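**Q** Take this structure first; my questions come after.
Each reported figure results from applying straightforward, stated rules to the coordinates on display, with no laboratory input. Model, not experiment: these values are computed from the prediction. Glycine gets a Cβ as well: all are built from the backbone with ideal geometry, and neighbour counts include every protein chain shown.
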Amino acid sequence: MTAGKRLPALAAAILVCAALFSGCGGGSSNSSVAVDSVPPSPVSGFSAVANDCVISLTWANPADADFGRVVVRRGVSGFSRNPSAPSSADDAVIYSGAAQAWSDSGLRNGSSYYYTAFAIDAAGNYSAPARQHAACVYKPFVLAALPDTQYYSLDYPAVFSGQTQWIADNAAAENIKFVFHEGDLTHNNSASEWANAQAAMRLLDGVVPYAVSIGNHDDGPGRDTSRFNAYFPVSHYETFNHFGGVFEAGKLDNAYCYFSAGGADWLALSLEFDPRDAALAWARGVVEGHPNRRVILVTHALVSPSSELSSIGLNIWNNLLRLYPNISLAFNGHYTAGESGLVSMSGDHGNIVHMMFANYQDLLLGGLGYMRLVKIDPLTGTAEVKTYSNLLGEFKTDPGNQFTLSNLDLSAIE
């Protein structure tokens, strides 16, 4: 076909294209597609509430019909200017969605954070920024210690479960970060007692992490802890993020867990009653493998009611507690010649290790529900120790059961 014969077809194509762009029929020859370039309204009521290593953000989404989502960016050196591009190297998106709250966790106490929230509509337009600034603050936190519960498991299981339920119910309000059981969960190592102990302790699952120590009433001949491990199996606890590890496979007799509080990372170490040399060697390896975590020990026998280290305690002190600068506290029960005891000693690196004994099993109902609550304030370097009965709703206020430890170095280890 010659070039001349192609012209009519080309002209027809041009006419069709013109019709598509200009419209057909008797209407206007000029039509256009509307493009949404109107930004949505901003979020309202944007707030940032600082707590211990976490900042809680809340806001109200706009009522615009085409509202799509909210993007929240966090900066360390200043506020963000654009939801889709960082304004500085430390500027990052921490939330994108249609919710109206977000908790920014894993932060560093004492550091300042700058938050910018943008509302974005269906067309991708973004609103004017809403901004808030907050600095994480150290908040005092509480460690709970449960002394010998053997008579609760034997005869008064409601007292035991009442203790753990109180801890679970008050964990948020009291900022309870960890629970230590000091051993002798049972009196006769019987299946019914273990069932009671398991039911009580599992009230804490998913609420507050905890460690349990084996007592001399919790095992059989030759350190047979098979019944303990049947009711407190490693397979159950290793499903939790805070779980660290054990000395012997499938046995919770010697174990460690993690938690963070007061701007520091912690390691909770539980040791069997009168620990074997091999268990102490394992424990040393655990502490040496975590030099940036402060360590708290729970074991059944350590300090006596006369505020002295027992022979078992001296062995633990010389072969573990005195050797490392990051060991801070220790809890124990076991002894019955008194209710309380305290030994504070300087370790080989100059750090003070505070070791506390408590046991109330000879009181009515196997202990009247008394537990230790240790409130730690990293800013003041103090630990306020109190002894509380949820059953009675009252504290023991004698000097052995209510006191303050001072000059503690409980800050983060760099």
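**Q** Placing unit charges on C-beta atoms (Lys and Arg positive, Asp and Glu negative, everything else neutral), compute the dipole magnitude of the stretch 118-196 about its Cα centre in debye, rounded to 20.
**A** Details: 3 positive and 8 negative charges, 115 e Å.
It works out to roughly 560 debye.
**Q** For Asp169 paired with Asn292, estimate the spin-label separation in nm (one decimal), with each label point 7 Å from Cα along the Cα-to-Cβ line.
**A** A separation of 4.0 nm, rounded to one decimal place.
**Q** Taking Lys396 as the anchor, which lysines have their alpha carbon closer than 17 Å to its alpha carbon, excluding any fewer than eight residues away along the same chain?
**A** Answer for Lys396, where 17 Å is the Cα cut-off: Lys375, Lys386, listed by chain and number.
**Q** Under the Kirkwood approximation for Rh and a Cα-based Rg, what ratio Rg/Rh is obtained for the stretch 184-329? Provide the component values of the computation, followed by the final result.
**A** Values: Rg = 15.0 Å, Rh = 15.8 Å.
Rounded to two decimals, Rg over Rh is 0.95.
**Q** Can you put Tyr258, Tyr237 in order of Cβ neighbours within 10 angstrom, beginning with the fewest?
**A** Details: Tyr258 17, Tyr237 20.
In increasing order of surrounding Cβ atoms, one gets Tyr258, Tyr237.
**Q** When the helices in the chain are scored as -39500 (n - 2.57) per DSSP H run of 4 or longer and the sum is shared across all residues, what 222 nm value do you end up with, to the nearest 500 deg cm²/dmol?
**A** After summing the helix terms and dividing by the residues of the chain, the value is -6000 deg cm²/dmol.
**Q** Among Ala63, Ser260, Ala230, flag the residue with its Cα farthest along the positive direction of the charge dipole of the chain, charges on Cβ as +1 for Lys/Arg and -1 for Asp/Glu.
**A** Final value for the positive-end residue is Ala63.
**Q** Hey, another quick one. Take the alpha-carbon positions of the stretch 285-385, form their convex hull, and give its projected area averaged over all directions (one quarter of the hull surface) in nm².
**A** For the Cα atoms of the stretch 285-385, the hull's average projected area reads 6.9 nm².
**Q** Which lysines, if any, have their Cα less than 27 Å from the Cα of Lys251, not counting same-chain residues under 8 positions apart?
**A** Output for Lys251: Lys177.
**Q** Same structure again: Return the Cα extents of the chain along principal axes one, two and three, sorted largest first, each rounded to a whole Å.
**A** Between the extreme Cα coordinates on each principal axis of the chain lie 115, 45, 42 Å.
**Q** Ranking Leu314, Leu391 by Cβ neighbours within 10 Å, fewest first, what do you get?
**A** Details: Leu314 12, Leu391 18.
Listed from fewest to most nearby Cβ atoms, that is Leu314, Leu391.
**Q** Still on this structure, please answer the following. State the answer as a single residue: which of Asn319, Val207, Ser77 lies farthest towards the positive end of the charge dipole of the chain, with beta carbon charges of +1 for Lys and Arg and -1 for Asp and Glu, about the Cα centre.
**A** After comparing all options, I get Ser77.
**Q** Follow-up question, since we're still on this one. The stretch 360-405 to the stretch 262-333: how many Å between their Cα centroids?
**A** Answer, in whole Å: 21.
**Q** Place the peptides 108-115, 146-153 in order of packing, highest mean first, counting for every residue the other Cβ atoms within 10 Å and averaging per peptide.
**A** On the way: 108-115: 17.4, 146-153: 28.0.
For the peptides 108-115, 146-153, the packing ranking is 146-153, 108-115.
**Q** Further question on the same structure: Among 361-373, 218-230, what's the highest-first ranking by average C-beta atoms within 10 angstrom per residue? Walk me through the numbers before you get to the answer.
**A** Numbers: 361-373: 19.6, 218-230: 14.8.
By packing density, highest mean first, the sequence is 361-373, 218-230.
**Q** Please report Thr380, Thr116 as a ranked list, fewest other C-beta atoms within 10 angstrom at the top and most at the bottom.
**A** Working: Thr380 15, Thr116 22.
Starting with the residue having the fewest Cβ neighbours, the order is Thr380, Thr116.
**Q** Hull surface divided by four, with the convex hull built on the Cα atoms of the stretch 129-214: how many nm²?
**A** On the way: hull surface 28.3 nm².
Computed as one quarter of the Cα hull surface, the answer is 7.1 nm².
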